[in-house]
Amino acid sequence: MEKILEIQRRFFRKEKNQFLDRIEEELAEYGYKSERKDLGMFVKSINLETKCDKPEFIFIAHYDTGGVIPFWFHPFCRLLGTNSIASFVAIIVIFFTLDLISSYWHVASYLRLILGISFLSILIPNKKNFDDNTSGVVALLKLAKKFKEKGMNHAKFIFVDNEEWGLFGSRAHKKYLEKEQNMTPQCKIISIDCVGGGGKIPIITRNGKSEYAKYFQKEIQKQFELCKSVRMALPFSDNYSFSEYGALNISFANRAILPVGYYIPRIHSSKDREINLPQIEKLTDVLTDAIKNLLQPLS
Ligand SMILES: [Zn+2]
């Protein structure tokens, strides 16, 4: 697993390929057959999946890493949270207010310009990416290992590309699985993103109805004291691509200052340089047991 932690930046294709080599090596060690899929029409995504026909469970983690977030974004998210519509409304209100007053007050025009230009920082590759999303990749590998050891062969593990640019990898993979008729409507899908950083509260996010979100929330809560389930209108992570299957995402986040949402600290910045491996171990133990209990009546 140490080798996985060595390649921290997966922004360019070469870095991504080197990282995929290491995931493949690890999966082969556990006894998995895996395959790279070159998917997508306009934005090419190279995803890696383990072989499993008609899986009952699909686990997804994005392996690509993003750019540096604008300097004002972290304090902003700390105040309002990233999951609330309020934060997006606030951004629009700020821009329009600056627009309105800029004709009377010149400083406002400069401020608007600075805010606009600050968005360009997302083109600068972020160097350290332990929480977002090395933690998710590590979680998937730990799950894969535990499932193999317990003889649970009903799950597919997918490591997807280009989440940071708009969930391109997971969207293309969903289309591919449907085309191959390798996904049943009963398939349960869990995305894991940011589970090893500064966030303290396990959060389940879903974009619509999910018949299994409650079950996993209850199981996680047993071991972590608290687990929140949040329904989101906007995309948060790769579960959004599979929302009609009730897909959910697991992250660890903190409460925002205003009681409207949650935020994940330190991601997309040079401060994302710690990974809480015991927490990932505990989470993957909980998920393995939860799924084993679900499978029991079937086998
Ligand atoms: Zn992420």
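The values are calculated or read from the model by the stated rules, or taken from the named source; none is laboratory data. Just so it is clear, the model here is predicted, and its values are computed rather than measured. Here the Cβ positions follow ideal geometry from the backbone for every residue, glycine too, while neighbour counts run over all protein chains shown.
Summed over the range 234-244, the residues that are of a type in the set (Phe, Trp, Tyr) and surrounded by fewer than 18 Cβ atoms within 10 Å (Cβ to Cβ) give a count of 0. Test Ile250 against the stated conditions and say whether it is at pLDDT 95 or above, more than 16 Å from the ligand (Cβ to nearest atom) and closer than 25 Å to Leu5 by Cα. Criteria not met by Ile250. Residue count for the range 278-299, restricted to those that are at pLDDT below 90, out of contact with any helix residue (DSSP H, G or I) (no Cβ under 9 Å at 6 or more places or on another chain) and assigned to a helix (DSSP H, G or I): 1. Exactly one residue out of Ala61, Ala108 is within 16 Å of the ligand (Cβ to nearest atom) and either modelled with pLDDT of 90 or more or not charged (D, E, K, R) (or both): that is Ala61.
Flag: Leu100 does not match the condition of being within 23 Å of the chain's Cα centre (by Cα), surrounded by fewer than 12 Cβ atoms within 10 Å (Cβ to Cβ), more than 17 Å from Ile4 (Cβ to Cβ) and more than 16 Å from the ligand (Cβ to nearest atom).
Just one of the listed residues (Arg206, Arg231) is crowded, with 20+ Cβ neighbours inside 10 Å and away from the ligand (no atom under 16 Å from the Cβ), and it is Arg206. When Ile94, Ile58, Ile69 are checked against the criterion of being of a type outside the set (Phe, Trp, Tyr) and either assigned to a helix (DSSP H, G or I) or within 12 Å of Gly169 (Cα to Cα) (or both), Ile94 stands alone in meeting it. The single condition among (1) away from the ligand (no atom under 16 Å from the Cβ); (2) touching a residue at least 24 places away in the same chain (Cβ under 8 Å); (3) surrounded by 14 or more Cβ atoms within 10 Å (Cβ to Cβ) that Lys54 does not satisfy is (3). Filter the range 257-277 down to the residues that are hydrophobic (A, V, I, L, M, F, W, C) and not in a loop (DSSP other than H, G, I, E, B) and list them by number. Hit for the range 257-277 is Leu277, nothing else. Among residues that are surrounded by 20 or more Cβ atoms within 10 Å (Cβ to Cβ), assigned to a loop (DSSP other than H, G, I, E, B) and either within 16 Å of the ligand (Cβ to nearest atom) or under 17 Å from the mean Cα position of the chain (by Cα) (or both), Asn133 is not included.
Scanning the range 154-203 for residues that are away from the ligand (no atom under 12 Å from the Cβ), of a type in the set (A, V, I, L, M, F, W, C) and in a loop (DSSP other than H, G, I, E, B), which turns out farthest from Gln217 (Cα to Cα)? Ranking the candidates gives Met183 first.
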